[in-house]
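Remarks on the structure that follows.
The values are calculated or read from the model by the stated rules, or taken from the named source; none is laboratory data. None of these values were measured; they are calculated from a predicted model. As a convention, Cβ positions derive from the backbone with ideal geometry for all residues, glycine included, and neighbour counts pool all protein chains shown. The protein model used for the area step is the full one, side chains on, heavy atoms only, and it has no ligands, DNA or RNA in it. Shrake-Rupley method; radii C 1.70, N 1.55, O 1.52, S 1.80 Å.
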Amino acid sequence: MLTMTDVEVGYGRTSVIHGVTVEVPPDGVVAVMGHNGAGKTTLLRAAVGLLPTRSGTITLDGEDVTGTAPHKRVRRGLAYVPQGQQSFGQMTTLENLQVVADGRARGAALVDEALDLFPALHGLLGRRAGLLSGGQRQQLAIARALVTEPRLLILDEPTEGIQPSVVAEIEQAILGLTRRGGLSVLLVEQHVGFALDAAGHYYVLASGRVTAEGTGGAGSVTDVRSAMAI
Amino acid sequence: MEIIVTQLFNGLSGGSILLLAALGLALTFGQMGVINMAHGEFIMAGAYTAYVTQNVLGSAGLSLFVSLPIAFVVGGLLGVVLEATLLRRMYHRPLDTLLVTWGVSLVLQQLARDVFGTAGVDVPAPSWLSGPVELLGFSFPRTRLFILALAVAAFVALALALRFTPLGRRIRATVQNRPLAETAGISTRATDRLTFFIGSGLAGVAGVALTLMGSISPNLGTSYIVDAFLVVVVGGVGQVRGAVIAAFVLGIVQSFLEYSTTASIAKVLVFALIVAFLQTRPQGIFAVRTRSLA
Ligand SMILES: Nc1ncnc2c1ncn2[C@@H]1O[C@H](COP(=O)(O)OP(=O)(O)O)[C@@H](O)[C@H]1O
Ligand SMILES: [Mg+2]
């Protein structure tokens, strides 16, 4: 579904990601773990197209998208939930979903389906997104991503900084998505337990390099912990 | 009492002209961080569009309505060309855009001089706009009432379009969070271009309205661009409704000051008031409110 081959990414003159290769197979769930500052977000921004790659290639469904704009990658089935519960703060919850649904044949139905996943949003449709709680905004962000009918969902620390009562709800929703066919997931996550629960394959990133990788599942928890301890 | 009503009306009328000139700027400056000095020349182009349309059609009554949409498109196309050739490389670099568009505005003025001559030309108002409307013992010039109605209509149409149409949602999303809009599947480039088309098109509409106020000449735009920017800054950058309040308040204040002093002293006083206002409220009447980065 998505391959990033030997990519080099950075800001200004400094490189942050040094020759990383990551693959997300069709229908597969892949977790990327690593400490703060390891370069996880930078890697995802490159995957989405918000940051240019200095070298290396990115393909979606086997087609080279290395230089294409983010919205064109979205058209090819990629959806991205950035770190930090981002939303269009001055727009209402409903407008946040509509702006993505606009122009899609099944737009209204897609909004309803996305809302079914997070019933709590139903009562908040008229409220400005900037006034929602962090957890609600994250639910909105995931719902917004789903309205694009993605075949690849990219999530950057979806439960970071969210009140504990909502974390379980979001984790359940993500697990539900990973198990529904036709959707690949690339998940950046600090909670090793949850990440390996969800993922079929994992990568550990440190200082912009892949330092460990392997298959998901509870059996890998100690491997990942020791890889991250280095 | 009579003086108050008259000055109030003059103020509203002046404010409506300010609003027409500033509405498009509020969109392109406020929302895209582009200082477009050529906006005044887009107004001028709209005025000459009315002039040409009237010469082609021959009838003043019809040509006013025909020239409004044509001027919108003419202004819009000029804006899109400017955006595509120069400005798109300079978003959120106000000083660069200021210099570049100032150059463009000089070129456009010279172009107008070459085509239409230096002297002013008249675009006669249709007969149904001549003379005043008498109401409660006061008389209001019909042309000014028309401009007031046009300004209000333009604002309402813009506000409704921003609020309720898919394009309006895309524009607001792009303004609020450009990277998020891109990754939500919105082509922010296409949205920028359309925003510029609409903003510049509104300048064209303003130009048509100005033909009702007197003769037009190639430097028509220079007399409005500074006032229009003042409206945008006082209203609060990026706030269309702020521009409305600012335009009418400035129009009314200026009208009363002109009555009690002279036109040039009034201008100086208005400037001083604006400086004082921006000292206490640099963000303008309305500031963009956000709880977080979101
Ligand atoms: N906008 C930026 N400009 C410059 N450096 C940045 C920027 N964002 C992140 N970095 C740097 O890139 C490195 C990786 O950051 P990031 O990808 O956010 O890490 P992670 O998501 O794994 O915590 C850090 O050293 C960080 O300081
Ligand atoms: Mg991060």
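A few comments on the model shown:
- Residue in the range A:78-86 that is farther than 30 Å from A:Met228 by Cα and more than 16 Å from ligand 2 (Cβ to nearest atom) present: no
- For the range A:172-195, the criterion of being away from chain B (no Cβ under 14 Å), among the aromatic types (Phe, Trp, Tyr) and more than 16 Å from ligand 1 (Cβ to nearest atom) is met by at least one residue.
- For the range A:33-63, the candidate set comprises residues that are touching an Asp or Glu at 6+ places or on another chain (Cβ under 8 Å) and more than 13 Å from chain B (Cβ to nearest Cβ); within that set, the residue that is surrounded by the most Cβ atoms within 10 Å (Cβ to Cβ) is A:Met33.
- Subset of the range B:65-99 (residues that are closer than 26 Å to B:Ala153 by Cα and open to solvent by 40 Å² or more (accessible area, probe 1.4 Å)): B:Phe65, B:Val66, B:Pro69, B:Ile70, B:Phe72, B:Val73, B:Val74, B:Leu77, B:Leu78
- Qualifying residue in the range B:140-159 (condition: part of a helix (DSSP H, G or I) and surrounded by 23 or more Cβ atoms within 10 Å (Cβ to Cβ)): yes
- Of the helices (runs of 4 or more DSSP H) contained entirely in the range B:160-235, those carrying at least 3 residues that are within 14 Å of another protein chain (Cβ to nearest Cβ) and over 18 Å from the mean Cα position of the chain (by Cα) fall at B:166-176, B:178-183, B:188-210.
- Index of the failed condition, A:Ser165 passing every other in (1) of a type in the set (Ser, Thr, Tyr); (2) closer than 29 Å to A:Ser15 by Cβ; (3) more than 16 Å from ligand 1 (Cβ to nearest atom); (4) open to solvent by 30 Å² or more (accessible area, probe 1.4 Å): (2)
- Matching residues, the range A:180-196, being over 23 Å from A:Gly37 (Cβ atoms) and either without any contact (Cβ under 8 Å) to a residue 60 or more places away in the chain or small (Gly, Ala, Ser) (or both): A:Arg180, A:Gly181, A:Gly182, A:Ser184
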